[in-house]
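Chemist: Can you read through this structure? Questions will come right after.
The values are calculated or read from the model by the stated rules, or taken from the named source; none is laboratory data. Given the structure is predicted, the values throughout are model-derived calculations rather than measurements. Heads up, the Cβs are rebuilt from the backbone with ideal geometry, glycines too, and the neighbour counts pull from every protein chain shown. Surface accessibility is based on the protein's heavy atoms, side chains included, excluding ligands, DNA and RNA. Shrake-Rupley method; radii C 1.70, N 1.55, O 1.52, S 1.80 Å.
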Amino acid sequence: MTELQAEQGAQALDLPHAQPKTRRNRDVLIALAVFVVLALLPAVFSSKLLLDFVIRCAAYGLFATSLNLLVGYTGLISFGHGMFFGLGAYGFGLMMQKTGVPVPVAFVATLAITFFVALVIGAICVRLKEIYFAFVTLAFQMLIHSTILSWVSLTGGDQGLRGGIPRPPFLGIDLSNQLHLYIASCALLVIGLFLMHRIAQSPFGYTLRMIRDNATRASFIGIDVWRAKLTIFVLAALFASTGGIIMALFVSGAYPEFAYWTISGEGIFINMLGGVTTFLGPMVGTVLLLILNDTVTRLTDYHGLVLGIVILFFAIGLRKGLMDFVVEWYAQRRNSAGERG
């Protein structure tokens, strides 16, 4: 073997290790660039409505993208994923009201509670087949919602957590200040999306795709399907809970609607709007839904009818989400241009 062949062989062996590292570095740079752009928005646009809109996008975007880890990547259609959004909001709010611990401690403690709840619920649900999984998760969500309504002394019942959520400053950050809350929400959004993208592009993410396409075949080649499903169920719950924490900080409270089945319905709707085959589809769907809600509710009292028409357009007309349609259209155009060339 010549020195040149030996060098080429070494480069070939190093390539599988170099590519993931390059991709990770690229993702880090993109995440930092997005955060910088979002952080500079208040300096360019002084509208408080824009800040509120981005905070809401951060909350619902994390929730919807975490749901897509189940729906789009694993093939688990959950009708009860909103329970973790509500659990994050109530867990964080109660922690701050009852204990007065610093915000970071309450944040970590809420995620720990979500982890154990998701572990128990997931251990039961992921054993079930498609439709049974969907409805048992919905049953657990309704159980949590009923508990919130009935445990009035703790949760405030149908009035929600009253009196606001204390937000003592920490490390120079005051989340009672809208700008500080905006920056913190953007940071949580970017970090959450970065971590979920790394999960989706990791070997574990491709294992989830294999399970989605053919779980029986995946088990035949030695994959522990139950453990993989449980792992992604718990991870998705943690990101959804983070979205609930952001929403609780935004409204300075928590309400039973945060844990109602309609939240899960909105998550499914967002994924239908944006698309489930692209990672950024749920974020695009989140922006579209919030714009639709804000616009339609100002123009007409029949906002439910308008949103229903939009759903029918995407479900029957396009038969895919907006990002799915755009990616498919771009691929077809590129292929046709290549054939002409």
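Chemist: Under unit Cβ charges (Lys, Arg +1; Asp, Glu -1), what dipole magnitude, rounded to 20 debye, does the chain have relative to its Cα centre?
Modeler: Using Cβ point charges on Lys, Arg, Asp and Glu, the chain gives about 220 debye.
Chemist: Across the stretch 289-304, in residue order, what do the Karplus-derived ³J(HN,Hα) couplings come to in whole Hz, using 6.51 cos²θ - 1.76 cosθ + 1.60 with θ = phi - 60° and x for Gly and Pro?
Modeler: Couplings: 5, 5, 5, 4, 4, 5, 7, 5, 5, 7, 8, 8, 7, 9, 5, x Hz.
Chemist: Can you tally the net charge around residue 50? Count Lys and Arg as +1, Asp and Glu as -1, for every other residue whose Cβ sits under 12 Å from the Cβ of residue 50.
Modeler: 0
Chemist: So how much accessible area does residue 145 have, in Å² to the nearest 10, using a 1.4 Å probe?
Modeler: 20 Å²
Chemist: Now a separate question. With percent of Cα pairs over 34 Å apart defined as stated, name the option among (i) 29; (ii) 35; (iii) 48 computed from the structure displayed.
Modeler: Entry (i).
Chemist: Considering only lysines 8 or more places apart in sequence, or on different chains, count the pairs in the chain whose C-alpha atoms sit under 27 Å apart.
Modeler: Qualifying lysine pairs in the chain: 4.
Chemist: In addition: With axes computed from alpha carbons, what is the tilt in degrees of helix 203-213 against the longest principal axis of the chain, rounded to the nearest 10 within 0 to 90?
Modeler: Its long axis makes an angle of about 90 degrees.
Chemist: Helix-only mean residue ellipticity at 222 nm, the chain, DSSP H runs n ≥ 4 weighted -39,500 (n - 2.57), per residue, nearest 500. What is it?
Modeler: After summing the helix terms and dividing by the residues of the chain, the value is -26500 deg cm²/dmol.
Chemist: Tell me, what HN-Hα J-couplings in whole Hz come from the Karplus equation 6.51 cos²θ - 1.76 cosθ + 1.60 at θ = phi - 60° for each residue of the stretch 151-168, using x for Gly and Pro?
Modeler: Values, residue by residue: 8, 5, 5, 9, 9, x, x, 6, 8, x, 6, 9, x, x, 10, x, 9, x Hz.
Chemist: OK, next. Which trypsin sites (Lys or Arg not before Pro) in the stretch 11-113 sit in a loop by DSSP (not H, G, I, E or B) and have at most 14 other Cβ atoms within 10 Å of their own Cβ?
Modeler: none
Chemist: Using each residue's phi in the stretch 244-254, evaluate 6.51 cos²θ - 1.76 cosθ + 1.60 at θ = phi - 60° and report the 3J(HN,Hα) Karplus result to the nearest Hz, with x for Gly and Pro.
Modeler: Residue by residue, the stretch 244-254 yields x, 5, 4, 5, 4, 5, 5, 8, 6, x, 9 Hz.
Chemist: Tell me, what is the percent relative contact order of the stretch 23-259, built from C-alpha pairs under 8 Å that lie six or more residues apart?
Modeler: 42 percent
Chemist: Sticking with this structure for a sec: Note the angle between two axes, namely the Cα long axis of helix 103-125 and the longest principal axis of the Cα atoms of the chain, as a number of degrees from 0 to 90, rounded to the nearest 10.
Modeler: Tilt relative to the chain: about 70 degrees.
Chemist: Something else now. Among 58, 31, 43, determine the one that fluctuates most according to a GNM of the chain built with springs between C-alpha atoms less than 10 Å apart.
Modeler: The residue with the greatest mean-square fluctuation here is 43.
Chemist: Once you charge only the Cβ atoms, +1 for Lys and Arg and -1 for Asp and Glu, what is the size of the charge dipole of the stretch 144-280 about its Cα centre, to the nearest 20 debye?
Modeler: In total the dipole reaches around 400 debye.
Chemist: Dipole of the stretch 118-211 (Lys/Arg Cβ +1, Asp/Glu Cβ -1, origin at the Cα centre): which of 161, 118, 211 lies farthest to the positive side?
Modeler: 211
Chemist: Compare 171, 299, 238 in a GNM of the chain, Cα atoms joined below 10 Å, and give the one with the largest fluctuation.
Modeler: 171
Chemist: Among 42, 151, 80, flag the residue with its Cα farthest along the positive direction of the charge dipole of the stretch 23-259, charges on Cβ as +1 for Lys/Arg and -1 for Asp/Glu.
Modeler: Most positive-ward Cα: 80.
Chemist: Exposed loop sites here are chymotrypsin sites (Phe, Trp or Tyr not before Pro) in DSSP loop states with at most 15 other C-beta atoms within 10 Å. What is the longest stretch of the chain lacking them?
Modeler: Looking at the chain, 152-301 is the longest stretch - no exposed chymotrypsin sites (Phe, Trp or Tyr not before Pro) with at most 15 other Cβ atoms within 10 Å.
Chemist: Among 265, 88, 285, whose mean-square fluctuation peaks in a Gaussian network model of the chain (Cα, cutoff 10 Å)?
Modeler: The residue with the greatest mean-square fluctuation here is 265.
Chemist: Next question. Please give the helix 130-150 orientation as an angle from the longest Cα principal axis of the chain, in degrees from 0 to 90, rounded to the nearest 10.
Modeler: With rounding to tens, the tilt is 20 degrees.
Chemist: In square angstrom, what is the accessible area per residue of the chain with a 1.4 angstrom probe?
Modeler: The answer is 53 Å² per residue.
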